[in-house]
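Trainee: Before I ask anything, let me first share the structure, which is written out below as structure tokens.
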Amino acid sequence: MSSGLAIEATGLTKRFGQRVAVDALNLAVPRGTVYGFLGPNGSGKTTTIRMLVGLLRPTAGSASLLGHDIRRDLIAGLRETGAQVESPAFVSNLSGRRNLEYLGALTLGRVPAALVDQALARVRLTGRDRDRVRTYSQGMKARLGLAQALLCQPRLLILDEPTNGLDPQGMHEVRELIRHLAAEDGMTVFISSHLLAEVQQLCDRVAILRRGQAVAEGPVAELLSSAGRLRIAVDEPDGVDAAALVAEVDGVQIVAREDGYLRLAAPPEQAAEINRRLVSAGVAVGELVIERQSLEDFYLDVTGREAQL
Amino acid sequence: MITLIRWELHRFYRRLAPYYLYGALALLVTMVTWGMREFGRFSSRGGGAGLEIVGDTRNALMVSQGASLTVAILLLYLVPVVVGEIVGGDGATGVLRTILVRPRRRAQIWLAKYATAWIYALSVSAALMGLSLLLGGLFFGWGKLYSAGDLHNGKLIVLTPREGLAYVALSYSLLTLSVMTAGTIAVALGSWLDNALLPGMFAVGILITLQIITGLPYEWVEPLKPYVFTTYLLDHTKAYPNSFDPATGALQFPAAAIWPMVRVHCVTIFCFAAAGLWRFLQRDVTC
Ligand SMILES: Nc1ncnc2c1ncn2[C@@H]1O[C@H](COP(=O)(O)OP(=O)(O)OP(=O)(O)O)[C@@H](O)[C@H]1O
Ligand SMILES: [Mg+2]
């Protein structure tokens, strides 16, 4: 296994009876990156994560954590990994602190109190750490979930929708924390999320899953620039269909036709070609704007606008 | 491994259920002791051999023996319910997915949980024995253990307090074995049923069903009986000497009554524990 990758998966597949939840997925998460793992509900994000951390057995394919094959050497991989899978679940009649001590003991045998204090402080739970988890709010549990993943100073952090249930401050703090961990501690963070604005701000690379398959993968900046959006004000002479003309250009997709406007998904470098075709057919191009595409637009383009589970 | 067991025990004893059972035991032992006080002045006329014993048989050992007879059923039915949560409960709450992403072998985690069930069963038996000896001792003092086992030969078996204590302890050990056969079934089922109550309830269901089957008065049941653990469920009561060696006249160790029980219980425990562990190692954690 290549040691330059924090997570590597090849042909990773999980079938539940007839349903294929993850379909021959390939993943390569470079060390030190913040990696976003996106996809609609039921697209297989959690299932992938569960396989990576050894909760589910892959039906086929292989994967490794920090160079350790998950079939042969899972424990070694988990030793340097902190993970929070789905909503945090704790021993509800123990305090938050006790839970951390318990989970830390599973990793280290005995956790130094300083590590527990640090983890609690990082997620701002310090004042409530002696209360039973049973009495925690959803967001407090989310914070504790993050704390337990961070507790033993892992090199790889795997987080499944970590900001679910957090208040705006909490989301902001978590974002800052993840940035800090990646920048200062060189931690690799693999994070699944539905909050695309957040992912766009935070992640170096993303993979987008649809029905268990990756439909896009790469650095966020590249993905967004590769498929830009154009807004063109057109005035067509009779008998000329501007939409049909531009649709013939390589890589162009018509997104919408509005009154006097065409909206296209197209590589920005095709803008000149589109303009040339329109003008030579006698279409008056009043305005041609390259719109910066948001991750949300891109995401909706590749996963489809209507959610189908 | 010790660390894991300590944490499992810590978690286990933070629940209420284990204490209910201790409480019930305290209540029942008090009642048994009380009953002895009222009726234990053993004065039996009749009986198979028409023997008459008159005398005071009330003492700590007799109370303890009496307690193991009367309270056994409670342990057999309640310990599985209490320990069934150790594995099954973690599946129900999702804690399983939190602890299984820690760098520990699943086998270790399961064994620590199973050890906790054993420790609890032992503690319950020990509490029952200790409490009955204590109360019996406080009320009636120490004394000899009387066993009517050989009465049909016209002999009453009387054990010195020392011998008597050893046999009472043996009897409680066997009771623990019985209890943990049911307990093992409950813990093992927890690997299938992600639920706090169902594993224990199913274990009790299996227990009762087998008890009924082995109790059926049909011929086809007979060949099965020796292999089914419920046949020996209450055989800890047979842990006392009940005959004399015809040659030497010495008391005979009740080996013939004990070994089949020990064998069948151990095999049953091993099979269920192995199945539960196997499933725990294999299973997909979807909770
Ligand atoms: N235990 C299971 N048994 C059967 N099917 C399952 C099981 N777990 C997941 N699935 C199916 O696998 C698919 C992927 O589910 P998964 O939980 O990985 O989605 P997800 O991407 O995490 O979705 P979400 O955004 O809602 O969290 C879904 O179709 C789901 O129904
Ligand atoms: Mg999910």
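Computed from the coordinates by the stated procedures, all read-outs in this text should not be read as laboratory data. Everything numeric in this text was worked out from a predicted model, so none of it was measured. Positions of Cβ are generated from backbone atoms using ideal geometry, with glycine treated the same way; all protein chains shown enter the neighbour counts.
Trainee: Against the longest principal axis of chain B, how steep is helix B:161-189, in degrees 0 to 90 to the nearest 10, with axes from Cα atoms?
Mentor: 30
Trainee: To continue, here is another question. In whole Å, how far is the Cα centre of the range B:216-287 from that of the range A:261-309?
Mentor: The two parts, judged by their Cα centres, are 78 Å apart.
Trainee: Another one. In nanometres, what is the gap between the two model label sites at B:CYS271 and A:SER294, each 7 Å from Cα along Cα-to-Cβ?
Mentor: Here the answer is 6.3 nm between the modelled labels.
Trainee: Using modelled amide H (1.01 Å from N, peptide plane; none on Pro or chain starts), what sits under 5 Å from the amide H of A:ALA60, excluding residues fewer than 5 places away?
Mentor: A:THR13
Trainee: In deg cm²/dmol and to the nearest 500, what is the mean residue ellipticity at 222 nm of chain B if only DSSP H runs of at least 4 residues count, each as -39500 (n - 2.57), divided by the residue total?
Mentor: For chain B, the value works out to -22000 deg cm²/dmol.
Trainee: Right, another one. Which FRET efficiency, nearest 0.05, do A:ARG110 and A:ASP204 yield, Cβ-Cβ r, R0 41 Å?
Mentor: Plugging the Cβ-Cβ distance into 1/(1 + (r/R0)^6) gives 0.70.
Trainee: For B:MET1, project a label point 7 Å along Cα to C-beta. Then give me every residue of the range B:86-116 with its amide nitrogen under 13 Å of that point.
Mentor: Flagged as within label range: B:105, B:107-116.
Trainee: Follow-up. Could you derive backbone 3J(HN,Hα) for the range A:260-265 from the dihedral phi with the Karplus parameters 6.51, -1.76 and 1.60 (θ = phi - 60°), listing whole Hz in sequence and x where the residue is Gly or Pro?
Mentor: My calculation for the range A:260-265 gives x, 10, 10, 10, 10, 9 Hz in order.
Trainee: Suppose a student asked you for the relative contact order of the range A:228-292, using Cα pairs under 8 Å spaced at least 6 residues apart; what percent would you report?
Mentor: Details: 116 pairs, mean separation 33.3, N = 65.
In percent, rounded to a whole number, it is 51.
Trainee: Measure off 7 Å from each Cα along the Cα-to-Cβ vector at A:ASN41 and B:THR248, then give the distance between these two points in nanometres to one decimal.
Mentor: A separation of 7.8 nm, rounded to one decimal place.
Trainee: On to the next question. Under 8 Å for C-alpha pairs, at least 6 residues apart: give me the relative contact order for chain B, rounded to a whole percent.
Mentor: Details: 431 pairs, mean separation 69.3, N = 287.
The value is 24 percent.
Trainee: Turning to a different aspect of this structure: In peptide B:101-110, how many Cβ atoms from other protein chains are near each Cβ within 10 Å, on average?
Mentor: Partner-chain Cβ atoms within 10 Å, mean over residues of B:101-110: 6.
Trainee: Determine which lysines satisfy two conditions relative to B:LYS225: a Cα distance under 21 Å, and not lying fewer than 8 residues away in the same chain.
Mentor: Straight-line reach from B:LYS225, under 21 Å: B:LYS238.
Trainee: Roughly how large, in nm² to one decimal, is the mean projection of the convex hull of the alpha-carbon atoms in the protein assembly as shown?
Mentor: On the way: hull surface 152.5 nm².
Approximately 38.1 nm², given one-decimal rounding.
Trainee: How long are the three semi-axes of the equivalent ellipsoid of the range A:140-191, in whole Å, if each is the root of 5 times an eigenvalue of the C-alpha gyration tensor, listed from largest down?
Mentor: 17, 12, 9
Trainee: Moving on. Once phi is turned into θ = phi - 60°, what whole-Hz ³J(HN,Hα) does the Karplus curve with 6.51, -1.76 and 1.60 give for every residue of the range B:11-28, x standing for Gly and Pro?
Mentor: The phi angles translate into 4, 4, 7, 8, 8, 7, 3, x, 6, 4, 5, 4, x, 4, 4, 4, 4, 5 Hz.
Trainee: Same structure, new question: Relative to a virtual label point 7 Å from the Cα of A:ARG231 in the Cα→beta-carbon direction, which members of the range A:257-294 show backbone nitrogen distances below 16 Å?
Mentor: A:257-266, A:286-294
Trainee: Can you tell me the relative contact order of the range A:5-223? Whole percent, Cα pairs under 8 Å, sequence separation 6 or more.
Mentor: So the answer I get is 28 percent.
Trainee: Taking amide H positions as placed 1.01 Å from N in the peptide plane, with prolines and chain starts having none, which residues 5 or more places from A:ALA214, or on another chain, fall under 5 Å of its amide H?
Mentor: Hits under the 5 Å cutoff: A:ASN26.
Trainee: What FRET efficiency, computed as 1/(1 + (r/R0)^6) with R0 = 35 Å and r the Cβ-Cβ distance, is obtained for B:ILE208 and A:ARG15, rounded to the nearest 0.05?
Mentor: With a Förster radius of 35 Å, E is 0.35.
Trainee: If you take each beta carbon of peptide A:101-108 and count the beta carbons of other chains within 10 angstrom, what is the mean?
Mentor: Average per residue, whole number: 6.
Trainee: Along the Cα→Cβ direction, 7 angstrom out, place labels at B:VAL158 and A:THR126. What is the inter-label distance in nm?
Mentor: 7.4
Trainee: Additional query: Can you give the convex hull volume per residue for the Cα atoms of chain B, as a whole number of Å³?
Mentor: Working: hull volume 43.5 nm³, N = 287.
Spread over its residues, the Cα hull of chain B gives 152 Å³ apiece.
Trainee: Roughly how many Å is it from the Cα centre of the range B:90-131 to that of the range A:55-117, as a whole number?
Mentor: Between the Cα centre of the range B:90-131 and that of the range A:55-117, the gap is 18 Å.
Trainee: Which of the lysines could a cross-linker bridge to A:LYS14, judged by Cα under 30 Å and excluding same-chain residues fewer than eight apart?
Mentor: Partners found: A:LYS45, A:LYS141, B:LYS113.
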